[in-house]
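The values are calculated or read from the model by the stated rules, or taken from the named source; none is laboratory data. Predicted model, so just to flag it, every value in this text is computed and none were measured. Here the Cβ positions follow ideal geometry from the backbone for every residue, glycine too, while neighbour counts run over all protein chains shown.
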Amino acid sequence: MPDSSNSSAEPVSAASGGPPTGARPAGTVLVTGATSGIGLAVARLFVDRGVRVLGTSRNPDDIPLPDRVPGVTYLALDQSDPASVQACAKAAGPVDLLVNNAGHSQGGALEDLPEEHLEQLFRINVLGPVALARAVLPAMRAAGHGRLIFVGSLMAEFPVPFQGSYAASKLALRGFVTALRTEVAPFGIQATLVQPAYYRSAIDRHRAWHTRPDSPYRDRLGVVSARVRAQHQSAADPAEVAERIWRLGRAARMPVVSMIGGNGGTLRFVRRFLPDRVAERLVARRYGL
């Protein structure tokens with residue numbers, strides 16, 4: 001689903017790219033999933049603006065040359081492995097800003113999703129990012145400052161049929177972030193959730209669509225998967241999201257949720273007054289059902 005700007009971040013000077021008055025410049029930034037899509041765009045932007053960037057990849061030694069950003073220090077991270085998360089946090093050391101971006105997607109009827117794949121998705125999209133945030137928080141508390149930016153999806157607001165597991169994982173992130181904000185505020189730490197629409201990334205190429213040859217859902221799944229692929233083929237430049245994350249990282253006050261791309265802010269406002277059944281029909285129609 002599309003989404004749009006809903007940020008209360010302070011404006012950043014277009015000429016200098018500097019922070020608004022009173023904002024603390026980011027020192028060290030840890031960006032997960034820094035080799036494609038939004039994560040790659042964030043790493044490039046922050047390096048270009050003179051920030052020390054640590055970027056993660058499942059296999060740093062295998063990153064293709066075009067996806068390596070000069071100036072980024074790459075760390076290994078498998079978000080589905082708790083030991084890997086802890087090792088990454090230890091290697092990173094204290095960070096001023098964590099951009100929890102890495103994630104995975106899958107599709108399929110709930111009845112057809114293999115349970116082990118469903119559990120793996122939640123380990124990657126929810127438990128891994130939460131564990132990494134937990135690991136960096138003690139140093140942030142000791143320093144008296146820190147920023148946590150989680151990358152979610154507008155699909156949490158408008159779940160798409162046959163992508164319920166992905167939408168649920170992103171909705172879970174919102175719950176963690178909303179509660180976390182009040183927990184960490186006394187220690188000078190802020191957290192926010194960015195909910196982008198479709199932006200160019202490798203997630204579509206890596207998404208698995210689960211079905212069975214005799215599945216009663218197979219034809220309708222094919223319709224939705226085709227619509228999703230078409231959306232990704234015409235997706236926007238992830239540099240837009242990177243710019244938003246830059247502004248959020250330097251905002252005097254971070255919003256609870258920041259939406260970007262595809263008129264999502266308008267949709268979210270309208271959704272407040274829209275009956276659930278009407279919203280359900282609108283999403284189904286958009287995806288050909």
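With the checklist (1) hydrophobic (A, V, I, L, M, F, W, C); (2) within 26 Å of Glu119 (Cα to Cα); (3) assigned to a loop (DSSP other than H, G, I, E, B) in hand, flag the one item Ala89 doesn't pass.
Evaluating Ala89 over (1) hydrophobic (A, V, I, L, M, F, W, C); (2) within 26 Å of Glu119 (Cα to Cα); (3) assigned to a loop (DSSP other than H, G, I, E, B) leaves (3) as the failure.
Taking the stretch 26-53 as the region of interest, how many residues are assigned to a strand (DSSP E or B) and surrounded by 22 or more Cβ atoms within 10 Å (Cβ to Cβ)?
Taking the stretch 26-53 as the starting set, the residues that turn out to be assigned to a strand (DSSP E or B) are 28-31, 52-53.
Next, only the ones that are surrounded by 22 or more Cβ atoms within 10 Å (Cβ to Cβ) stay: 29-31, 53.
Total satisfying the criteria: 4.
Could you please give the count of residues in the stretch 37-58 that are in contact (Cβ under 8 Å) with a residue 40 or more places away in the chain, farther than 16 Å from Leu77 by Cβ and touching a Phe, Trp or Tyr at 6+ places or on another chain (Cβ under 9 Å)?
To start, the set of residues in the stretch 37-58 that are in contact (Cβ under 8 Å) with a residue 40 or more places away in the chain comprises 37-42, 44-46, 49, 54, 56.
Now narrow it down to the ones that are farther than 16 Å from Leu77 by Cβ: 41, 44-46, 49.
From what's left, touching a Phe, Trp or Tyr at 6+ places or on another chain (Cβ under 9 Å): 41, 45-46, 49.
Going through the stretch 37-58 one residue at a time, the tally reaches 4.
Arg271: charged (D, E, K, R) and modelled with pLDDT of 85 or more, yes or no? Explain how you work it out, then say what you get.
Details: charged (D, E, K, R): yes; modelled with pLDDT of 85 or more: no.
In short, no.
Taking interchain pairs and intrachain pairs at least six residues apart, which have beta carbon atoms under 7 angstrom, with the first residue in the stretch 64-87 and at pLDDT below 95 and the second among the hydroxyl-bearing types (Ser, Thr, Tyr) and buried (at least 18 other Cβ atoms within 10 Å of the Cβ)?
So the pair list comes out as Asp67/Thr35; Asp67/Ser36.
Considering Asp78, Asp112, Asp61, which residue is over 28 Å from Leu154 (Cα atoms) and either outside any helix (DSSP H, G or I) or not basic (Lys, Arg) (or both)?
Details: Asp78 fails: over 28 Å from Leu154 (Cα atoms); Asp112 fails: over 28 Å from Leu154 (Cα atoms).
None of the other options fit; the residue is Asp61.
Quick check on this structure: which one of Ala252, Ala191 is part of a strand (DSSP E or B) and either at pLDDT 90 or above or not hydrophobic (A, V, I, L, M, F, W, C) (or both)?
Of the residues listed, the single one that is part of a strand (DSSP E or B) and either at pLDDT 90 or above or not hydrophobic (A, V, I, L, M, F, W, C) (or both) is Ala191.
Tell me which residues, restricted to the stretch 25-45, are of a type outside the set (Gly, Ala, Ser) and more than 17 Å from the chain's Cα centre (by Cα). Let's see the steps before the verdict.
The initial filter retains those residues of the stretch 25-45 that are of a type outside the set (Gly, Ala, Ser), namely 25, 28-32, 35, 38, 40, 42, 44-45.
Matches in the stretch 25-45: Pro25, Thr28.
Can you name every residue in the stretch 194-226 that is of a type outside the set (Gly, Ala, Ser), part of a helix (DSSP H, G or I) and at pLDDT 90 or above? So that I can check it myself, show each step before the final result.
Pass one, the stretch 194-226, residues of a type outside the set (Gly, Ala, Ser): 194-196, 198-200, 203-207, 209-214, 216-221, 223-224.
Subset that is part of a helix (DSSP H, G or I): 203-206, 218-221, 223-224.
Across the stretch 194-226, the qualifying residues are Arg218, Asp219, Arg220, Leu221, Val223, Val224.
Which one is surrounded by the fewest Cβ atoms within 10 Å (Cβ to Cβ) among residues in the stretch 202-247 that are more than 23 Å from the chain's Cα centre (by Cα) and among the polar types (S, T, N, Q)?
Restricting to residues being more than 23 Å from the chain's Cα centre (by Cα) and among the polar types (S, T, N, Q), the top hit is Ser215.
Name the residue that is nearest to Pro196 (Cα to Cα), counting only residues in the stretch 150-172 that are aliphatic (A, V, I, L, M) and in contact (Cβ under 8 Å) with a residue 60 or more places away in the chain. Step through it out loud before you land on a result.
Step one: filter the stretch 150-172 for residues aliphatic (A, V, I, L, M), giving 151, 154-156, 160, 167-168, 171-172.
Then drop every residue that is not in contact (Cβ under 8 Å) with a residue 60 or more places away in the chain, which leaves 151, 154-155, 160.
On the way: Val151: 8, Leu154: 6, Met155: 9, Val160: 15 Å.
Out of the qualifying residues, it is Leu154.
Can you spot a residue in the stretch 1-10 that is among the hydroxyl-bearing types (Ser, Thr, Tyr), at pLDDT below 50, touching a helix residue (DSSP H, G or I) at 6+ places or on another chain (Cβ under 6 Å) and in a loop (DSSP other than H, G, I, E, B)? Break it down into steps so the answer makes sense when it comes.
Initially, the stretch 1-10 is screened for residues among the hydroxyl-bearing types (Ser, Thr, Tyr), giving 4-5, 7-8.
Right, trim to at pLDDT below 50 and you get 4-5, 7-8.
Next cut, touching a helix residue (DSSP H, G or I) at 6+ places or on another chain (Cβ under 6 Å) only: 4-5.
Now drop any that are not in a loop (DSSP other than H, G, I, E, B), which leaves 4-5.
Yes, the stretch 1-10 contains at least one residue that is among the hydroxyl-bearing types (Ser, Thr, Tyr), at pLDDT below 50, touching a helix residue (DSSP H, G or I) at 6+ places or on another chain (Cβ under 6 Å) and in a loop (DSSP other than H, G, I, E, B).
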